[in-house]
Amino acid sequence: MSEPQRIELSLSFANALQICRIEPPPQITSVLTITYDRFTITAKGDVMYTLPVDMLVKMQVGYVDAEGNPAAIDGPVAWASSDETIVTVTPDTGDSTIVTVTPVGPIGQIQVTATADADLGAGVRNLVTVCDIQLVAGEAVAGTISPVGAPTPKP
């Protein structure tokens with residue numbers, strides 16, 4: 001077996017070479033809190049919420065830092081619906097982190113987004129938090145009786 005060949009390489013630079021370690025940006029986690037009467041649900045990360053079309057729900061977005069500590073944002077939260085013909089969003093006038101989601105269309109899936117400025121300085125760094133919502137049929141309020149098939153002769 002032959003020995004591997006050794007190659008020497010010399011580099012020279014006119015100025016000093018700096019080697020820097022770049023830290024990845026902190027991981028930001030979104031937190032969604034849903035309150036109904038005295039019952040509260042808090043979820044982190046991706047969320048799918050099921051909402052009957054005959055109900056509405058208040059939702060609240062919260063922000064945390066990489067260590068899970070509550071984090072501040074700069075300015076009000078901007079809320080949006082992916083399809084205003086299916087659900088509308090109405091921000092709370094006293095607290096922009098709270099929104100009322102009201103179904104106005106047929107069953108289906110939509111997304112509600114909360115956009116906030118995470119840069120507490122003069123700049124802007126939009127942080128978009130998304131909640132997937134599945135609209136389902138509400139409770140039954142009426143019934144219909146229909147024939148199944150064509151009439152047949154009596155035996």
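The values are calculated or read from the model by the stated rules, or taken from the named source; none is laboratory data. This structure is a prediction, so every number in the text was calculated from the model and none was measured. All Cβ positions, glycine included, derive from the backbone under ideal geometry; neighbour counts span all protein chains shown. Note: areas computed on protein heavy atoms with side chains; ligands, DNA, RNA excluded. Shrake-Rupley method; radii C 1.70, N 1.55, O 1.52, S 1.80 Å.
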Checklist outcome for this item: Residues other than residue 125 with Cβ under 13 Å of its Cβ, Lys/Arg counted +1 and Asp/Glu -1, net out at -3
Next on the checklist: Using +1 at the C-beta of Lys and Arg and -1 at the C-beta of Asp and Glu, which of 146, 77, 111 has the Cα lying farthest in the positive direction of the dipole of the stretch 77-155?
Outcome noted: 146
Item to check | Efficiency of FRET from Cβ geometry, residue 120 and residue 58, R₀ 22 Å, rounded to 0.05 | outcome: 0.25
Checklist entry - Taking all protein chains as present, what is the carbon and sulfur share of the accessible area of the stretch 103-151, in % to the nearest whole number, probe 1.4 Å? => result 59
Checklist entry - Once both labels are modelled 7 Å past Cα along the beta-carbon direction, what's the residue 82-residue 140 spacing in nm? => result 3.1
Checklist entry - Simple spin-label model, 7 Å along Cα-to-Cβ: residue 3 to residue 90 in nm? => result 8.4
